[in-house]
């Protein structure tokens, strides 16, 4: 499994917070500022995971997010559900809602996060039809780039394809 620099820093922060706030070390859990900062960072979960699903094509996926830039388009994702928000040539972008309420996401932001996934998870040559997949966790939802099937229900999670 591949972790981004952000996730390594987060893991390091969480690791040091656990040591800082250990009941054996401080006498009471949660008394450390480092622990609270790491807890907030963990709740945010700004982590990118790579290559966990059937891959999207690195050229085709850009065609999915390109029209969203500055479009103002949004998508509603049901509480606790995933939704395929775009698919082109078997390459898709999904949004999974980690919250207990429906959310509305700006597709320009989703496209930007999908681009971040590509920049983190794909390290091959540009201009080549090659595959990658990835997932980026952010505040309250996560974005996935993976293969898609336009005949599948848009609520199908990328892990189920």
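The values are calculated or read from the model by the stated rules, or taken from the named source; none is laboratory data. Since the model is a prediction, treat every value here as computed from it, not as a measurement. We place every Cβ from the backbone using ideal geometry, glycine too, and count neighbours over all the protein chains shown.
Would you tally the residues in the range 61-84 being touching a strand residue (DSSP E or B) at 6+ places or on another chain (Cβ under 6 Å), under 22 Å from residue 121 (Cβ atoms) and loosely packed, with under 15 Cβ neighbours inside 10 Å?
Count: 1.
Can we say residue 100 is under 11 Å from residue 59 (Cβ atoms) and not in a helix (DSSP H, G or I)?
Judged against the criteria, residue 100 is not a match.
When you scan the range 39-51, do you find a residue that is at pLDDT 80 or above, under 20 Å from residue 157 (Cβ atoms), in a loop (DSSP other than H, G, I, E, B) and touching a strand residue (DSSP E or B) at 6+ places or on another chain (Cβ under 8 Å), even just one?
First, pick out the residues of the range 39-51 that are at pLDDT 80 or above: 48-51.
Cutting the leftovers down to under 20 Å from residue 157 (Cβ atoms) gives us 48-51.
With the extra rule that they be in a loop (DSSP other than H, G, I, E, B), the set shrinks to 51.
When the remaining residues are screened for being touching a strand residue (DSSP E or B) at 6+ places or on another chain (Cβ under 8 Å), the result is 51.
Yes - at least one qualifying residue is present in the range 39-51.
Tally up the residues in the range 85-102 that are surrounded by fewer than 18 Cβ atoms within 10 Å (Cβ to Cβ) and within 17 Å of residue 139 (Cβ to Cβ), please.
Residues flagged as surrounded by fewer than 18 Cβ atoms within 10 Å (Cβ to Cβ) and within 17 Å of residue 139 (Cβ to Cβ) within the range 85-102 amount to 5.
Let's see how each residue does on (1) over 13 Å from the mean Cα position of the chain (by Cα); (2) without any contact (Cβ under 8 Å) to a residue 60 or more places away in the chain:
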residue	(1), (2)
72	yes, yes
76	yes, yes
79	yes, yes
84	yes, no
93	no, yes
120	no, no
